[in-house]
Amino acid sequence: MSSNFTASNIGRLVWSEIKPALLATFWICLLAFPLMTLSINPTNQTYSFSMARIPYLAGGTFALSIIWRFFLKRRSFQVITKAVHQSEGLPEDLTKGPKPTWLTVVMGSKYRRQGLIVLLALMVVLPFISNPYSVNVLITCLIYVTLGLGLNVVVGVSGLLNLGYIAFYAIGAYTYALLNHYFGLSFWICLPLGGLTATLMGLLLGFPVIRLSGDYLAIVTLSFGEITRLVLNNLNITNGPRGISYIKPPGFFGLDLNGAPKDFLVNYLGVDPGMDVFKVFIYFIILALVILTIVCVFRLENSRLGRAWLAMREDEVACQAMGINRTRAKLTAFALGSTWAGLAGVVFASQITFINPASFSFLGSILILSIVVLGGMGSIPGVILGAIVITALPEQLRFFSQYRMLLFGALMVLMMVFRPEGLIKSTRVVHMHTLKNGNGNKTKLEALTGAPPERASSPPAASQSPGQANSQANGQANGLANGLAKPPQGPTGESS
Amino acid sequence: MTAATDRPQSAAKTESSDLILSALGMSMVFGGLVALNNVDLSIERDSITALIGPNGSGKTTFFNCVTGIYKPTRGDVILYPAIDLPSISLKGKPADVITHQGLARTFQNIRLFNNLTVLENVLIGRHTRMKAGLWGALTRNKKTRQEEAEAIEFSFELLVTYGLDSMANELAKNLPYGDQRRLEIVRALATEPKVLLLDEPAAGLNISETSALRDLISNIRENEKVSILLIEHDMSLVMTVSKKIYVFDYGRLIAQGPPDEIQRDPKVIKAYLGED
């Protein structure tokens, strides 16, 4: 090892690190050259040329590149160390089960119930101690939690890449908007109807895509999203791009929350809530919806149906061979995933009170997909955290004004490079089993063969079975030749 | 081990009526390629039958046709669930229905559900014997909870029997290769099959692992009420465990019979070693 650290070697090592950084710097400067050097003055139609900003750009890029390479090196080093440990015959002890993460520790601790109650209490108090703006952000955030959890059923659990998820959100929102506009139906009737319509549309989309998976499925769902938006844009009944306004917010048992209750608060109690009362009410509705979603999604994931979805994600052929009806699994995944988008859509329409097709663009589908991928595919706490990050972070980054989306994008790139499994990795439920006959007993197989299965210490005489393990033609021929060479009564005493 | 090796000889000859599965005139054509050409094959109840042949001779295609992964161009598969029950034609049925009827298989290149735990892999095998639907999953009513508990109990018992219980909560992809092969067999057993189809279970195993596999296959035959159809290249394994051997070459059935006859069959020797 010591011979590696000669002066020339160190020089070469340093150069091997600096060279790519220099290349990156050169490349960035070249790309940004017209942007950074030319400034055009449109009023008097002149332009000026200045190289002053190029050194800053070069310096910054070089420093960032070095830092970037350092972290990448560190990461690959960790991966290699782990692999070496495994190959050196230091296997992880599989009998201990998966390694505990901070999440399994928290969820497994005896204070779990208290923790959840405190969290819930905090969520209940939150709208009363914040301003109208924050309540709006909170509602949006919770809507996206619902959407993320719904899409997680389709993408994370069932492995069906859906790029048109926003369509179901739109369908939910328009169901409420149209029924309210034309028939005056209330929020509470439209909430289940919106969910149901989205479910039916999910089934409708499910039928043509039964045979598709992967990229093809992505293209079809993407088209579905665009078709939905275009239809909404061009129908007379939806009022086209002008959208539908004056959507009624939800009432409390038929009571208009912005009327009498607000008057009562202001006039009789002298308390000015400082915001629309119905917004707080919507906050609680979406909070309840999120809790319902979490419970349902968790239960689904750990049921016969959820396992069928997981199996379909892992291996479509093997899942059929295990007796799973793939058609049914796909359809239920699509339909149920869409239900949550429909419900969230109804809440969205009631929060905004005005919707038009522009609210349901392709970017929305991508945003929800990013929530699922960033949070951690198939991980419920991950998706929740992902939704919070994706919706709240751009708000928090407003300090950086026009650079905020740039920064947001950069953070996502970093995230995917250094933590591709998502913020919170999906973990599987652990089942413990206490053997009825006690732990010390041998398993049935051990008792039968007298040796632990698979690790039989005495291999049978090697010369008698040379054809083992090889599926190549050579191996077969040898194996058969060996079998043929045996005396006619062949199948006797392999290891005698 | 001796028990296993003696059995093919000591087993009495069975009547032709005592079959569990028979494939009649199976043909599979891919474009211009005849992968299977009018193959008849039958499996005796409670026996181990082997299917051998050079690479590309149609063994796995036959498996895929029988288990519904492919739809055979011609031919029929008939299952005789029990002696006093009527026979069932599996022709053209989808794979999941065939599994429900009692055929379970493993794959040549292991196809486990890698990112799920060992126990979940086995639980998915229970899928076809469980009933809970959407409503049961959402409400988690008493019936569903009971069914779920029974399935977990059943799966754990299988894992204990075949020595995988200590890794029940480990992800399938983290298992050593030999254990992955074993898990795939256990997962197939969880469907409570009448016929178990093993596609090259010894591929990639070393000598001691193959020997353990031999015991495993014999034990499965004895513990579970199941007949086994085995594709295998390892002749020492095939010749010792199986009662009857079918030999394929270029999609045709070229020989069938007990191991000692097959070993002496000139057509088989020609298929494997070529002509002088």
**Hits in region B:28-72 - residues which are in contact with a helix residue (DSSP H, G or I) (Cβ under 9 Å, 6 or more places away or on another chain), away from chain A (no Cβ under 14 Å) and assigned to a strand (DSSP E or B)** = B:Met28, B:Phe30, B:Ala35, B:Leu36, B:Val39, B:Leu41
**Prompt:** All but one of (1) without any contact (Cβ under 8 Å) to a residue 24 or more places away in the chain; (2) in contact with a Lys or Arg (Cβ under 8 Å, 6 or more places away or on another chain) hold for A:Pro20; which doesn't?
**Reply:** (1)
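Which residues, counting only those in region A:28-44, are assigned to a helix (DSSP H, G or I) and hydrophobic (A, V, I, L, M, F, W, C)?
Keep residues of region A:28-44 that are assigned to a helix (DSSP H, G or I), which gives A:28-37.
If the condition is that a residue be assigned to a helix (DSSP H, G or I) and hydrophobic (A, V, I, L, M, F, W, C), then A:Ile28, A:Cys29, A:Leu30, A:Leu31, A:Ala32, A:Phe33, A:Leu35, A:Met36 are the ones that fit.
So which helices (runs of 4 or more DSSP H) are wholly in region B:210-276 and hold at least 2 residues that are without any contact (Cβ under 8 Å) to a residue 12 or more places away in the chain?
Numbers: elements: B:235-241, B:259-264, B:266-273.
In region B:210-276, the matching helices (runs of 4 or more DSSP H) lie at B:259-264, B:266-273.
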**Asked** Cβ-Cβ below 7 Å, separation at least six or inter-chain, first residue in region A:301-329 and closer than 10 Å to B:Asp96 by Cβ and more than 8 Å from every other protein chain (Cβ to nearest Cβ), second assigned to a helix (DSSP H, G or I) and hydrophobic (A, V, I, L, M, F, W, C): which pairs?
**Response** A:Ala329/A:Ala308; A:Ala329/A:Trp309; A:Ala329/A:Met312
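Residues checked against (1) more than 21 Å from A:Glu314 (Cα to Cα); (2) of a type in the set (Ser, Thr, Tyr); (3) in contact with a His (Cβ under 8 Å, 6 or more places away or on another chain):
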residue	(1), (2), (3)
B:Gln146	yes, no, no
B:Gly163	yes, no, no
B:Ile185	no, no, no
B:Lys194	yes, no, no
B:Ser211	yes, yes, no
B:Arg221	yes, no, no
B:Val226	yes, no, no
B:Phe248	yes, no, no
**Fill in**
Residue set A:Ala335, A:Ala344, A:Ala311; condition surrounded by fewer than 23 Cβ atoms within 10 Å (Cβ to Cβ), small (Gly, Ala, Ser), in a helix (DSSP H, G or I) and within 19 Å of the chain's Cα centre (by Cα); output residue A:Ala335
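Inspect all residues belonging to region B:65-77 and state whether any of them is at pLDDT 90 or above and loosely packed, with under 14 Cβ neighbours inside 10 Å.
Yes, region B:65-77 has at least one match.
Consider region B:149-167. How many of its residues are touching a residue at least 24 places away in the same chain (Cβ under 8 Å), among the aliphatic types (A, V, I, L, M) and assigned to a helix (DSSP H, G or I)? Spell out how you get there, then give the answer.
Step one: list which residues in region B:149-167 are touching a residue at least 24 places away in the same chain (Cβ under 8 Å), which gives B:151-152, B:154-156, B:158-159, B:161-162, B:164, B:167.
Imposing the further condition that a residue be among the aliphatic types (A, V, I, L, M) reduces the set to B:151-152, B:158-159, B:164, B:167.
Now restrict to residues that are assigned to a helix (DSSP H, G or I): B:151-152, B:158-159, B:167.
Residues in region B:149-167 being touching a residue at least 24 places away in the same chain (Cβ under 8 Å), among the aliphatic types (A, V, I, L, M) and assigned to a helix (DSSP H, G or I): 5 in total.
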**Item:** Any chance A:Ala392 is aliphatic (A, V, I, L, M), within 27 Å of A:Ser134 (Cα to Cα) and crowded, with 20+ Cβ neighbours inside 10 Å
**Value:** no
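Just to check your reading of the model, which residue among A:Gly156, A:Gly172 is closer than 19 Å to A:Tyr283 by Cβ, assigned by TED's automatic domain parsing to the domain that holds A:Phe278 and under 26 Å from the mean Cα position of the chain (by Cα)? Explain how you work it out, then say what you get.
Working: A:Gly156 fails: closer than 19 Å to A:Tyr283 by Cβ.
One residue alone meets the criteria, A:Gly172.
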**Prompt:** Does B:Glu170 satisfy the condition of being at the interface with another protein chain (Cβ under 7 Å from one of its Cβ atoms), of a type outside the set (Val, Ile, Thr) and in contact (Cβ under 8 Å) with a residue 60 or more places away in the chain?
**Reply:** no
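Filter region B:110-148 for residues that are among the polar types (S, T, N, Q), without any contact (Cβ under 8 Å) to a residue 40 or more places away in the chain and either part of a helix (DSSP H, G or I) or closer than 28 Å to B:Glu170 by Cβ (or both) and give the result.
In the first step, residues of region B:110-148 are kept if they are among the polar types (S, T, N, Q); the result is B:114-115, B:117, B:121, B:128, B:139, B:141, B:144, B:146.
The next check asks that each one be without any contact (Cβ under 8 Å) to a residue 40 or more places away in the chain; those that pass are B:139, B:141, B:144, B:146.
Across region B:110-148, the qualifying residues are B:Thr139, B:Thr144, B:Gln146.
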**Fill in**
When region B:123-149 is checked residue by residue, the ones that are among the small types (Gly, Ala, Ser) and within 8 Å of chain A (Cβ to nearest Cβ) are B:Gly125, B:Ala132, B:Gly133, B:Gly136, B:Ala137
**Message:** Just to check your reading of the model, which residue among A:Leu179, A:Leu196 is surrounded by fewer than 24 Cβ atoms within 10 Å (Cβ to Cβ), under 28 Å from the mean Cα position of the chain (by Cα) and either more than 19 Å from A:Phe284 (Cα to Cα) or basic (Lys, Arg) (or both)?
**Reply:** A:Leu196
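Conditions (1) in contact with a strand residue (DSSP E or B) (Cβ under 9 Å, 6 or more places away or on another chain); (2) more than 7 Å from chain A (Cβ to nearest Cβ), marked per residue:
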| residue | (1), (2) |
| --- | --- |
| B:Leu159 | no, yes |
| B:Arg181 | no, yes |
| B:Lys194 | yes, yes |
| B:Leu230 | yes, yes |
| B:Met239 | yes, no |
| B:Ser242 | yes, yes |
| B:Leu253 | yes, yes |
| B:Asp265 | yes, yes |
**Item:** Members of region B:97-115 found to be of a type outside the set (A, V, I, L, M) and at the interface with chain A (Cβ under 9 Å from one of its Cβ atoms), listed by number
**Value:** B:Thr99, B:His100, B:Arg105, B:Thr106, B:Phe107, B:Gln108, B:Arg111, B:Phe113, B:Asn114, B:Asn115
**Message:** Restricting to region B:44-55, count the residues that are touching a residue at least 60 places away in the same chain (Cβ under 8 Å), surrounded by fewer than 22 Cβ atoms within 10 Å (Cβ to Cβ) and more than 30 Å from B:Ile83 (Cα to Cα).
**Reply:** 1
**Asked** Any idea how many residues of region B:254-276 are in contact with a Leu (Cβ under 7 Å, 6 or more places away or on another chain) and crowded, with 19+ Cβ neighbours inside 10 Å?
**Response** 2
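Of all the residues that make up region B:189-209, how many are of a type outside the set (Asp, Glu), part of a loop (DSSP other than H, G, I, E, B) and over 21 Å from B:Asp18 (Cα atoms)?
The initial filter retains those residues of region B:189-209 that are of a type outside the set (Asp, Glu), namely B:189-191, B:193-198, B:201-208.
The next check asks that each one be part of a loop (DSSP other than H, G, I, E, B); those that pass are B:190-191, B:193-194, B:201-206.
Filter again for over 21 Å from B:Asp18 (Cα atoms), leaving B:190-191, B:201-206.
Residues in region B:189-209 being of a type outside the set (Asp, Glu), part of a loop (DSSP other than H, G, I, E, B) and over 21 Å from B:Asp18 (Cα atoms): 8 in total.
The values are calculated or read from the model by the stated rules, or taken from the named source; none is laboratory data. These numbers were taken from a predicted model, which means no experiment stands behind them. When we count neighbours, we look across all protein chains shown, and the Cβ atoms used for this are built from the backbone with ideal geometry, even at glycine.
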